[in-house]
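Let me begin by presenting the structure, written as structure tokens, before commenting on it.
The values are calculated or read from the model by the stated rules, or taken from the named source; none is laboratory data. Source: prediction; values computed, not measured. Every residue, glycine among them, receives a Cβ derived from its backbone with ideal geometry; neighbour counts consider all protein chains shown. Ligands, DNA and RNA are stripped out before the accessible areas are found, and what is left, the full protein with its side chains, is counted by its heavy atoms. Shrake-Rupley method; radii C 1.70, N 1.55, O 1.52, S 1.80 Å.
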Amino acid sequence: MSAHKAEEPDTTIEALDWQGRPLRCQDCPHEDIHAEGRCDLGKVCVADRRRKRIDRFFSQNAALAARYLDHPYFEVRALAAKHASVFLLASLKDDPEPDVRVVVATRLPAARVKEMRFDPEPRVRMAVAERLDGSDLVALLADSDYQVRIVAARRAPPDALVYLMHDPETDVRRVVARRLPQAQLARMTADDDPLVRLVVAEHLDPDRLPPLVGDPDMRVRFVVAERIDPRFLAPLAEDIVPPVAEVARQRLGAS
């Protein structure tokens, strides 16, 4: 038997409101929809403190979401914003809870979320980065949070990525290496991290790979041996790592 206790089903957990008080259907303003089967205490309930139960309520009663955009419990506001009309969401761009602002950044038209690029919460800025295009993303390439920079780097115009070629985070530079134009990418063959150079080796044109023939990392040299223009294969055929030398010799023999 597993040493870990099985997770308790959602429907067996006591129905409490967001302040920890027991819930009763007779105290609810939605008795009409309860009679119609569109809410169910302990399973589908907007007054419950559990996120799944609130989400089920709005999934079945989306028309009621607008009533809850100013609810004191942030989970209710966030889930109401997920289902309410986008025309009602602008006022929530300054909601004190990041979870609510993330939903707003995801749902508002892209032109309306541009000003949220400078939100204090990285998750919000990441959501904004997923929505913007072109020059609107440039400011996020200099974001203080590397995860925001990664999202921006995946969507920014390739020519703008030169600003991130020397980013302090390896994961950011790896994204950059996948998208840079060839002329700029060739400048990354001297990157300090072998994982970045590996991406460079995978994406550079075969005739631009000679600077990586003597790379100190065998993984980089192996990819180079697989891809480099055959004119430059000879040194790799004598590589000290047998798999690298074998690939080079096979390609030389086939050329």
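Restricting the first residue to the range 45-70 and requiring it to be closer than 14 Å to Ile33 by Cβ, which pairs with a second residue that is among the aromatic types (Phe, Trp, Tyr) meet a Cβ separation below 7 Å and a spacing of at least six or different chains?
Here the result reads Cys45/Phe57; Val46/Phe57; Val46/Tyr68; Ala65/Phe58, each pair linking the range 45-70 to a residue that is among the aromatic types (Phe, Trp, Tyr).
Keeping to the range 130-152, report how many residues are among the small types (Gly, Ala, Ser) and not in a helix (DSSP H, G or I).
So the first thing to find is which residues in the range 130-152 are among the small types (Gly, Ala, Ser), and the list is 134-135, 139, 142, 144, 152.
Now drop any that are not not in a helix (DSSP H, G or I), which leaves 144.
The total comes to 1.
So which of Val86, Val76, Val104 ends up being within 20 Å of Ile33 (Cα to Cα) and touching a residue at least 12 places away in the same chain (Cβ under 8 Å)?
Being within 20 Å of Ile33 (Cα to Cα) and touching a residue at least 12 places away in the same chain (Cβ under 8 Å) holds for just one of Val86, Val76, Val104, which is Val76.
Which number in (1) at pLDDT 85 or above; (2) open to solvent by less than 40 Å² (accessible area, probe 1.4 Å); (3) out of contact with any His (no Cβ under 8 Å at 6 or more places or on another chain) marks the one condition that Asp10 misses?
(1)
Given the criterion modelled with pLDDT of 95 or more and touching a helix residue (DSSP H, G or I) at 6+ places or on another chain (Cβ under 8 Å), identify the matching residue among Ala234, Ala160.
Going through Ala234, Ala160 in turn, the sole match is Ala234.
Only one of Leu23, Leu16 is farther than 23 Å from Arg101 by Cβ and in contact with a Pro (Cβ under 7 Å, 6 or more places away or on another chain). Can you tell me which?
Leu16
Do we find that Arg208 is surrounded by 16 or more Cβ atoms within 10 Å (Cβ to Cβ), under 23 Å from the mean Cα position of the chain (by Cα) and among the basic types (Lys, Arg) in this structure?
no
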